[in-house]
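Below: the structure, in structure tokens.
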Amino acid sequence: MAHLDLMHGARAPLFERFGGSAAEAGFLPWRAARRDGQELALSALERSIGAELARLLNTRCAASLAQLAGRQRTVLDYGLPDYSAYYTGSLDDRRKLTALVQSTVQAFEPRLREVEVELALPGHSRHALDVAIRAKVLLEGRLEPVAFQVAALAEGGGAP
């Protein structure tokens, strides 16, 4: 009889499986992030989600803020719309921008649940954002907490 090893993790996203990256078998192992000395050791699943969040928040969709208001997002709306109309010094605009980033993550990163977003403004650019994302990932029937820091550049530009 074949011996089965129970692995904790999740299936790799389709494009990662096409690319033949670390997830060549199509499976991303999971273990909670931990500190190894001074460095934070992330699982393959966390690295995959972090890379997708960087791609997502540094891609600009063609739809305007007005076009996205009140309708469900589709794959054609992948990324953030041009948010330069928001003045990040305004508390009201920062709330709107936070909600926009949160709804974008919820729409395009289905592995995350209970998404919370906080924005910080780096001093070097009026429209660049440092995004802190706290969420949970569903693994084997339980929710595990995860956290990510993503730099979103004003002009987009793809994943760093």
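Values in this text are rule-based calculations from the coordinates and carry no lab data. Note that the coordinates shown come from a computational prediction; the quantities given were computed from them, not determined experimentally. Here the Cβ positions follow ideal geometry from the backbone for every residue, glycine too, while neighbour counts run over all protein chains shown.
Cut-off is 10 Å between beta-carbons; in what order do Leu143, Leu56, Leu153 appear when sorted fewest neighbours first?
Details: Leu143 12, Leu56 21, Leu153 16.
In increasing order of surrounding Cβ atoms, one gets Leu143, Leu153, Leu56.
By the count of other C-beta atoms within 10 Å, a proxy for reagent exposure, Thr104, Thr74, Thr98, Thr88 are ordered fewest to most as Thr74, Thr98, Thr88, Thr104. Each of Glu116, Glu109 was scored by other Cβ atoms within 10 Å of its Cβ. Listed from fewest to most, they are Glu116, Glu109.
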